[in-house]
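> Would you mind keeping the following structure in view while I ask a few things?
Every read-out reported here was derived from the displayed coordinates using simple, explicitly stated rules and does not represent laboratory data. All of these numbers come straight from a predicted model, not from anything done at the bench. Cβ sites come from the backbone with ideal geometry, for glycine too, and all protein chains shown count toward neighbours.
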Amino acid sequence: MFCLFAIICAFVARLADQSDLQYLVPQIKDESIEQLLKTLSSSMLVIAIFAVGSMISAFTAASSSATPRSFKLIIADDSSQNALSVFIGSFIFSIVGLVALKNGYYARGGHFVLFIITILFFVVVILTFIRWVDKISRLGRINHTIKLIEDTTARSTKNYLEISNKFARSQQHEGHITTQLFSKKIGYVQNINALALQNICAEHDVRLSLKATPGTFAEPTQPLATIFSMKKISEEMVENIRDAFTIDEHRTYETDVRFGHITLSEIASRALSPAVNDPGTAIQILSSQVRLFYLWHELGKNKKNEEIEFDRVEMPPLTALDLLKDAFRPIARDGATNVEVMIRLQKSLKSISKISYPQFAEASIALSTESYERAAKVMVLKTDLEIIKQLCLKA
């Protein structure tokens, strides 16, 4: 879009020659405009190549210092993509303007408008470059990557809570014919078209119980859903239901809440490895996880009484224990010998257990006990272990 805009700008200057503007503006020499356009064309291509190189370096650093699972979020950085668009678009504008200028396409009014547009492009490029340098200096750094994943997980948590309470509650289906729906693809469930499932079920007077939610690994023996009907269902309807599931090779952050927690814990595990030995990053991850669970509580308490929109589709809820294991178990395993990490882990679980959400309290106690048992097997100094024991939650 910016490249197209740049080409249009080069031709818009011609319109000034067909108006009275050419009698009102000062004469701008061809040489001055030509020099500006040459400067723009020669510098923009170099800056664009430099931008690409810097972006690749930042992406590589992020993948090596954090986790490859964060790469998708980092390359989706809008500021770097927009900056590259501005640089390439300015290069194209300068080339088109230079060709038109050298072939006598503009008169006095066109020269003036082209000069003004060129100056504006210089201003946009300078401002974009300054903003982009500030952004690229942070892109790929571990703190920036953690914040990016935390914000993305917060959005996926919000998306999940907005839709999860719109599904029907689980119930008995006595007297119904039960049909298991299996996947024909092997991969992860990325998205489920709930509205399409609701319409199909309403049209054929059936009910559906989801067995696979976003993030579930699907394969031919893994049921995606169970169909409950009073009569035999058609193969066409089964295919339509199967088409409502988006299955691909990789997990996504948009609807898969657990994936964000898993990615954060992977960063912590890498930081705790002997090669990196950075317990501070693991402690920072624990803080991010606590904020996300408090966000879950704050958003969830306002979603309990929403109207059920998909009354024919049942979706199993995420269990608190699974979420907590995704978030904390890798840290408990890889940080079992580090007393500072284990202290913060126990304090984090204690904080989550105080949330007015019964499932979180039960799961926190179970994981706290498990974490202490891991530390008891590998921690050398008894005084350190005694501190962990005092912080361990009791049922």
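> By per-residue mean of other Cβ atoms within 10 Å, what is the highest-first order of 363-370, 159-166?
363-370, 159-166
> Right, something else. So for the stretch 129-177, what percent of the C-alpha to C-alpha distances run longer than 15 Å?
In whole percent, the share of Cα-Cα pairs in the stretch 129-177 beyond 15 Å is 69.
> How large is the direction-averaged shadow of the alpha-carbon convex hull of the stretch 199-273, in nm²?
With the hull built on Cα positions only, its mean projection is 6.6 nm².
> Report the full-extension gain for the segment SER351 to LYS382: residue separation times 0.36 nm, less the Cα-Cα distance, to one decimal in nm.
Numbers: separation 31, 0.36 × 31 = 11.16 nm, distance 2.51 nm.
Full extension from SER351 to LYS382 adds 8.7 nm.
> Counting only the backbone N, which residues of the stretch 89-117 are under 19 Å from the spot 7 Å out from the Cα of ASP30 toward its beta-carbon?
Under cut-off, by backbone N: 94-116.
> Right, here's the next one. Cα-based Rg (one decimal) and Dmax (whole number) for the chain, in Å?
Over the chain's Cα set, Rg and Dmax evaluate to 29.2, 91 Å.
> Please determine, in degrees from 0 to 90 and to the nearest 10, the orientation of helix 382-391 with respect to the longest principal axis defined by the Cα atoms of the chain, where the helix direction is its Cα long axis.
90
> Also, quick follow-up: Rounded to whole Å and ordered largest first, report the semi-axes of the equivalent ellipsoid of the stretch 236-395 derived from its Cα gyration tensor (root of 5λ).
Semi-axis lengths for the stretch 236-395 are 34, 19, 13 Å.
> Continuing with this model, one more query. What is the sum of charges around GLU314, taking Lys and Arg as +1, Asp and Glu as -1, for the other residues whose C-beta is under 11 Å from the C-beta of GLU314?
Neighbourhood net charge equals +3.
> Translational diffusion coefficient, Stokes-Einstein: compute it for the stretch 1-109 using the Kirkwood radius over C-alpha pairs as Rh, at 20 °C and 1.002 mPa s, and state it as an integer in µm² s⁻¹. Walk me through the numbers before you get to the answer.
Numbers: Rh = 16.2 Å.
Result for D is 132 µm²/s.
> Answer with one residue from SER170, PHE129, THR152: the one whose Cα lies farthest towards the positive end of the charge dipole of the stretch 119-201, charges on Cβ with Lys, Arg +1 and Asp, Glu -1.
With unit charges placed on the Cβ atoms, the residue in question is PHE129.
> I've got another one for you. Distance in nm between label sites at THR39 and THR246, each 7 Å beyond Cα in the beta-carbon direction?
Computed distance between label sites THR39 and THR246 equals 4.7 nm.
> Once Rh for the stretch 156-207 is found with the Kirkwood sum over Cα pairs, what is the Stokes-Einstein diffusion coefficient at 20 °C and 1.002 mPa s, in µm²/s? Kindly include the intermediate steps, with their values, before the conclusion.
Numbers: Rh = 13.7 Å.
In µm²/s, the coefficient rounds to 156.
> Sequence gap at least 6, Cα distance under 8 Å: using those rules, report the relative contact order of the chain to the nearest whole percent.
16 percent.
> Rg (Å, one decimal) plus Dmax (Å, integer) for the alpha carbons of the stretch 88-138?
14.1, 46
> Using the structure shown, select from LYS147/LYS325; LYS350/LYS389; LYS72/LYS350 the pairs with a Cα to Cα distance greater than 24 angstrom.
Exceeds cut-off: LYS72/LYS350.
> Place a +1 charge on the Cβ of each Lys and Arg in the chain and a -1 charge on the Cβ of each Asp and Glu, then give the dipole magnitude about the Cα centre in debye, rounded to the nearest 20. It would help to have the intermediate numbers written out before the result.
Working: 43 positive and 40 negative charges, 214 e Å.
Its charge dipole is roughly 1020 debye.
> Can you give the direction-averaged projected area of the convex hull of the alpha-carbon atoms in the stretch 56-162, in nm²?
With every direction weighted equally, the projected area is 9.5 nm².
> Quick one: plug the Kirkwood hydrodynamic radius of the stretch 261-347 (C-alpha pairs) into Stokes-Einstein at 4 °C, 1.567 mPa s, and report D in µm²/s.
Rounded, D is 89 µm²/s.
> So which trypsin sites (Lys or Arg not before Pro) in the stretch 167-230 pass both tests, a DSSP loop state and at most 12 other Cβ atoms within 10 Å of the Cβ? Let's see the in-between values first.
On the way: sites: ARG169, LYS184, LYS185, ARG207, LYS211; in loops: ARG169, LYS184, LYS185, LYS211.
Here the sparse-neighbourhood loop sites are ARG169, LYS184.
> Tell me the label-point distance for the pair LYS72, LYS184, using the 7 Å Cα-to-Cβ offset, in nm and rounded to one decimal.
In this crude label model, LYS72 to LYS184 measures out at 2.4 nm.
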